[in-house]
Amino acid sequence: MKNQEQFKRLIRAAFCFVLLFVHAILFWYVWRRFYSPLMETEYWRRGHMMLLAFYLFWAFLLPRIYGGWRVGYLRVFHIVYSQGLGLAMADLLIWCLIILLTKRVIHPGPLLLMLLVQMAALLVWGAVCTGLYLRIYPPRRVLLVYGGRPAAGLMKKISTRADRFVIGETAHISEGMARIKEKIGRYQGVVICDIPSDERNEVLKYCYGRGIRSYTTPKISDLLIRSAESQHMFDTPLLLSRNTGLTIEQRLVKRAADLVLSLLALLFALPVMGATAFCIKVEDGGRVIYKQKRLTMGGKEFFVYKFRSMREDAEKDGVARLAGEKDERITKTGRVIRSLRLDELPQLFNILRGDMSIVGPRPERPEIAGQYEAAIPEFVYRLKVKAGLTGYAQVYGKYNTTAYDKLKLDLMYIQNYSFRLDFEIMLKTVQILFMKECTQGVGEGEATALGGEAAPDGLSGGKEPGNEEDGMEKGLVSIITPCYNGAGYLPETMEAVISQTYTRWEMLVIDDGSKDASAEIARGYAKRDARIRVFCQENAGSAAARNHGIRRARGQYIALLDADDLWKPEFLEKQLAFMKKKQAACVYCSYARIDERSQEILRPTIAKEVVTAKDMRIRNYIGCLSGLYDRSRGGTIYLHEELKSIRDDYAYWIDVVNVEGRAYGNPEILAKYRVLSGSTTGDKRKLVRKQYLFYRNYLKLNPVRSLCNVAVWAVAGLTKFK
């Protein structure tokens, strides 16, 4: 592959030439056939060629701004979408020019037909060129190096781009530089997570000296120094970071542009704003405009104006929180205007007043900013420029991007500011208006977008950062057992744990609002064995109950065991030995299936030897009762409570496998899974729709891929019951 790297630009240039050639033929035909004869005096050949060159210039430039030429970097959908948006703008521009040339308002029909043909050609071009590119340059196998902070979040993001990366192996810096350097030589690239500077510098220099590609998650200090000026006052180079935000000249030009562009935008937006206000008023008769205190440059507070998209009593409890992805507080009209970003239009008046700019970091509420700054003191750095209607973090991030990542994106804008960058962000804002993933809310149960930067008591899904070894007892296994009305089977389950040959365990039983004697039974065992702890909560589902236990777990290892499932006495001992042998963060095993009377039924489920992160996106290979996770290698991982206990265990094991990209299956049958008549997981008919929605809404797969995965899952499910 190294010998082929130099040809990447040439290959992309060839793809570009092919598509531009198609555009040239189509435009030449439409212009000469329909529009050129309408001119008072037709151009000679040179004039026609100049007009063609003008069209091709914009047909190249506008898609380029949206990334439409980045074959092999973006997915096919995003390439076609970016190209289509750029072409639509180029065709609109040429239509305006043709009106000027012909001195009449002409019908755009031929140009619209041309655009439809171009879109069809784009679909074919995008699919074929991407396929050829990936055949020549298959996904790059990389080594992921991580340190004190867990890598589960980054692993999950990388796993969504299996067309570009395959994480072949992970390495913790505790393995030592010599071993890590040895591993680097086996791969085509290295992903460097947030590791200490000394180790990171050594890895970077090693990769640079050997021409090995590296991908680094930047620290705040990297972004601050990235735009530094070179100073050559003597023979030792210096880098100057002014650290003052925008210069006086940049502020003046930016303010002038804000005034002109916001006034022009208001001329076109007023009719839309009027219709929006009417719909809001008609729906519930409440206020149309919603104002809220926000922060802008220098920490100055101001009231931001928005069209109201939520109920008027959305925060009657007085708690400031971001909107969730399926927030019940959002009105019907609100869902539409939020998806189209129309709720932000009144902020044009904030721009005219000077509180905001068209481009800049989005303004945060003082209460939420305070929470962010408590977890991330550098979050205040965003206030070196005015808040913006749109921004760098909006076009390259999402609504639910974590605060730490938003800070990095905003600093990239501040430290690399130019009027050209503002212009690019304005154009890219048009691109993201209809992209659903850019308007998703935070997860259910989360008030802010802190995500991985803090671990509040209500954490739902994902990982917990920081030093994972603090307060963690080495060698201890924390067994998390949620229980709801499980009195009939709980004693047998607890006896199975007590009988384990490996004795360094703790069992956390979380009673999820049971109406039977489950809690009393668990407390009875806890009195006899100090390793057992019992917690009670109101009924909130198995995911919330498991998270309750995980937050209180003291062990290095996490095992999930439901209140009706069983382990063989040697389960922990053999699984820990297997984990040590494989040097893995996650292992699982084969398991038998039993009925309500604990009699074995059907045939056992045999563990696949190795399951990768890519495999897990197709179906779940890890039985919840069979998995064991070493959180010292990847951080504490929580279940996703927003899934309402349907497929929450599947999502959990996806996150766990993403830590190192793979998990290992022990073929020995060490556990027994109880199949209850009428249970949610026992009745596959009830799960088909939920399984499909899991693929669509959680894994963000397209409908075709989701249906294919459901079919694979269904076939696998049928084979289990043979």
Here are Tyr146, Tyr73: which of them is within 26 Å of Phe15 (Cβ to Cβ) and either in the same structural domain as Glu175 (by TED's automatic domain parsing) or out of contact with any Leu (no Cβ under 8 Å at 6 or more places or on another chain) (or both)?
Tyr73
Restricted to segment 70-110, and to residues that are outside any helix (DSSP H, G or I) and surrounded by 15 or more Cβ atoms within 10 Å (Cβ to Cβ), which residue is farthest from the chain's Cα centre (by Cα)?
Ile106
Residue ID - nearest to Ile351 (Cα to Cα), chosen from residues in segment 226-255 that are of a type in the set (Val, Ile, Thr) and not in a helix (DSSP H, G or I):
Thr247
With the condition kept exactly as written, say whether any residue in segment 271-292 is of a type in the set (A, V, I, L, M, F, W, C) and outside any helix (DSSP H, G or I).
yes
Over segment 294-317, the set of residues in a strand (DSSP E or B), modelled with pLDDT of 90 or more and aliphatic (A, V, I, L, M) is Leu295, Val304
Collect the residues in segment 221-234 that are of a type outside the set (S, T, N, Q), out of contact with any strand residue (DSSP E or B) (no Cβ under 6 Å at 6 or more places or on another chain) and loosely packed, with under 10 Cβ neighbours inside 10 Å, keeping them in residue-number order.
His232, Met233, Phe234
Are any residues in segment 651-685 under 21 Å from Gly486 (Cβ atoms) and modelled with pLDDT of 85 or more, and if so, which ones?
Tyr652, Ala671, Lys672, Tyr673, Arg674, Val675
Tell me, yes or no, whether segment 78-92 has at least one residue that is of a type in the set (Ser, Thr, Tyr) and in contact with a strand residue (DSSP E or B) (Cβ under 8 Å, 6 or more places away or on another chain).
yes
Just checking, which of Arg631, Arg617, Arg597 is crowded, with 23+ Cβ neighbours inside 10 Å and basic (Lys, Arg)?
Arg631
Among the numbered criteria (1) in a helix (DSSP H, G or I); (2) at pLDDT 90 or above; (3) not assigned by TED's automatic domain parsing to the domain that holds Glu378, which single criterion is violated by Asp258?
(3)
Restricting attention to segment 235-267, which residues are under 17 Å from Lys386 (Cβ atoms), loosely packed, with under 11 Cβ neighbours inside 10 Å and either touching a Pro at 6+ places or on another chain (Cβ under 8 Å) or polar (S, T, N, Q) (or both)?
Thr244
If we scan segment 490-513, do we find a residue that is crowded, with 19+ Cβ neighbours inside 10 Å, over 26 Å from Gln556 (Cβ atoms) and in contact (Cβ under 8 Å) with a residue 12 or more places away in the chain?
no
Within segment 230-238, does at least one residue satisfy the condition of being of a type in the set (Asp, Glu) and under 30 Å from Met177 (Cβ atoms)?
no
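Give Val282, Val288 a once-over and let me know the one that is farther than 22 Å from Lys384 by Cβ, β-branched (Val, Ile, Thr) and within 33 Å of the chain's Cα centre (by Cα).
Val288
The values are calculated or read from the model by the stated rules, or taken from the named source; none is laboratory data. Computed from a prediction, not measured in an experiment: that's the story for all the values here. When we count neighbours, we look across all protein chains shown, and the Cβ atoms used for this are built from the backbone with ideal geometry, even at glycine.
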